[in-house]
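The values are calculated or read from the model by the stated rules, or taken from the named source; none is laboratory data. Because the structure is a prediction, the values reported are computed rather than measured. Methodologically, a virtual Cβ is constructed for each residue, glycine included, from the backbone with ideal geometry; neighbour enumeration extends over all protein chains shown. Side chains are part of the model used for accessible areas, which takes the heavy atoms of the whole protein and leaves out ligands, DNA and RNA. Shrake-Rupley method; radii C 1.70, N 1.55, O 1.52, S 1.80 Å.
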Amino acid sequence: MDQARSAISQIFNSEPHSYTRFNLPDNMEGDTSQVEMIQSSDMNEEVGENGDEDHLSHKSNRQPHVAQNFECTTKNLCFMAATIVFTFVIGYLTGYLVHKNKDLNCSCAPSEDDITHETGAVPFMDWDDVRKLLGDKLNTSNLEIALSQLSSSNHRAGSPGDEDLGNKVIKKFKKYGMKTWTDEYFVKVQDPPASGYNRIVFKNDSEERPTGFLSYSASGTARGAVLYAHYGQEDDFQQLKDMNINMNNRVMLVRAGRISFAEKVANAAKVNASAVLIYPDPIDYPIGNDTSLFGHVHMGSGDPYTPGFSSFNYTQFPPVQSSGLPHILAQTITTGMGTKILRQLGGRTQPNGWGSINKLGDESDVITVEVNNVLTEKRINNVFGVIKGFVDADRYVVIGAQRDAWGPGFAASTVGTSVLIELARSISDMVENDGFKPRRSIVFASWSAGEYGSVGATEWLEVRNARQNWLFFFSGQDGFKVAASPLLHSLIQNTLKEVTSHLISSLQPQLLPKTLTGQWLVMASGSYNRVSSILTADIQNSDLENTEMCRMINDRIMTVERNFLSPYVSPIDSPFRHILLGSGPHTLKGLSSHLDALKSASPEANAELFRNQLAQATWTIQACANSLAGDIWSLDNEF
């Protein structure tokens, strides 16, 4: 281009010009403004010569000049004519060649109808075919073999029996051609006294030494009058309260079942009981008088001494305890001992439906409870095998089973572990021999320390921060239509609508500050309902064979589940942060209970606290609506 420009400049016999400056009319302030018109070619040349661009300023020392006239000679005109003709011929030849080449390409190229558009999906297998294949692979004889191979009389978490069972599982995974790995954790749990025992003395009877125990109970001795409290549910304690029965420092006798051991103990602690005894009633457990119960009373999951953090032996976080640990004593007793105590109770008559025993217990029914559990550290292993997905390998479905048990634990662990092994064998065989190609990866997990409150599973979640990211469903071949996302979406929407409707209808302005209304909650709920409808329409109008589209829709739905974990409470203080399925004052159920307390003028109610809780729940729901809407440019909310 430089050479061409030079030649043309010579043809026209003109001088090179850098820029010209001309004056504009005076502005209102009396200054004279000037505009410089700069030729890029000369500007670049000057930049190259001077090494910078400071000379582009109107303060340049170069003097402006006006183009001078030039004379057109015969020679110059000939050069001009030759250049024009030459340029025309080159342009014509170029256009001809390009047009001819285009015709050749068009005659060989396939039509739009002949083009196959790749979606990234693997060859589709019908879900009914997948189910039939899996049903054919799973059979009673193979399951019986697995049960016999994996049965163990002693595989308590962290024991040699537990480790041996884990080795058997991982060998099976390797045999099936799966990629395997093992995670190791060091967790703190409570075990029965290594030397000594827990004991119970009722009135003047002989001392009882129960073999069952409840991990994470407070330690020490409690002495008080026994009070029967049915199943230890909140409603049961409310009935006792309505009967004006003093529950301070009482030892609560409750039946096993309906709710967890941890919930029974937590409910008893709310009424200032000193201890809880849990027994299997013959109506619920017709299995003999000497049945011992084992369990835990931590209102949470995982290692309660490292809540929110993984329990590695090199963890650098200072020791901290979960708020879900009870501060009262808890112990299980046998069926025989429980019914024996019930027969000797006096006092008030039981409410209807509380069982065949007539009395609740009075101040003379004194019992002594001593708990001496020992806090120990255990090394546990989680064992994994994975079948890698063919499309979304980074998305995975988890199929897990508890491996440990207090005793033989046939129902608690052996059956689940055997089914896990058989599923791994069957699905691996389907992939190897039957053309089954799961789009997502399938992770098979054998957890340890499940009897202590899903400790192994929670530790794995904490180390990967996967509490909000993993999927619990088995989706098989289909990446979206068979996934649990639509079911989850429907469950969340229906539950949210039901609870918020109750809250909104129950709000009474006279009980609350004037600045507090249900409008925020109405708007947030409305936002969620609107984007739910939009999502449903997006699913119906989308090509679900398009891999990227499926990923985007699934991401929107799963992000909602993550955002239902309240960001306003700590997992240390409130392990169950889900505002719909969790427990605590941050949940919608907790809000409803607080609202009932306000309506009844309960001394425990606090209007200002309720106002903050309602605001936090509202913004949590709004965040879910925003995430369900999808990309940030899809949001259209009024705040």
>> Once R0 is set to 25 Å, what does the formula 1/(1 + (r/R0)^6) return for the Cβ-Cβ distance between residue 145 and residue 167, expressed as a FRET efficiency to the nearest 0.05?
In response: 0.90
> Which order do 410, 237 take when ranked by solvent-accessible area (1.4 Å probe, heavy atoms of all protein chains), largest first?
Replying inline: 410, 237
> Which length gain, in nm to one decimal place, applies between residue 235 and residue 287 when the Cα-Cα distance is subtracted from 0.36 nm times their residue separation?
Replying inline: 16.0 nm
>> Along the charge dipole of the stretch 519-629, pointing to its positive end and built from +1/-1 on Cβ of Lys, Arg, Asp and Glu, which listed residue (575, 624, 595) has its Cα farthest out?
In response: 595
>> Here is the link list: 188/589; 203/241; 188/340; 137/437; 188/264. Which ones come out longer than 27 Å on Cα distance?
In response: 188/589; 188/340
> Among 323-335, 146-158, how do they line up from the highest to the lowest mean number of other beta-carbon atoms within 10 Å?
Replying inline: 323-335, 146-158
>> Could you compute the net charge surrounding residue 172? Neighbours are other residues with a C-beta less than 11 Å from the C-beta of residue 172; K and R count +1, D and E count -1.
In response: +4
>> Give me log10 I(q)/I(0) at q = 0.09, 0.10, 0.16 Å⁻¹ for the stretch 199-372, Debye formula, one equal scatterer per alpha-carbon, no solvent.
In response: -0.31, -0.38, -0.89
>> Let's see if you can work this out: charge +1 on each Lys and Arg Cβ, -1 on each Asp and Glu Cβ, no other charges. What is the dipole magnitude of the stretch 519-629 about its Cα centre, in debye to the nearest 20?
In response: 280 debye
> Tally Lys/Arg at +1 and Asp/Glu at -1 over every other residue whose Cβ is under 11 Å from the Cβ of residue 429; what's the total?
Replying inline: -2
> So for the pair residue 201, residue 131, with labels modelled 7 Å out along Cα→Cβ, what separation do we get in nm?
Replying inline: 6.2 nm
> What whole number of Å gives the distance from the Cα centroid of the stretch 416-463 to the Cα centroid of the stretch 520-589?
Replying inline: 26 Å
> If you put +1 on each Lys and Arg Cβ and -1 on each Asp and Glu Cβ, how big is the dipole of the stretch 199-372 around its Cα centre, in Debye rounded to 20?
Replying inline: 180 debye
> Averaged per residue, what accessible area in Å² does the stretch 199-372 show with a 1.4 Å probe, protein chains only?
Replying inline: 44 Å²
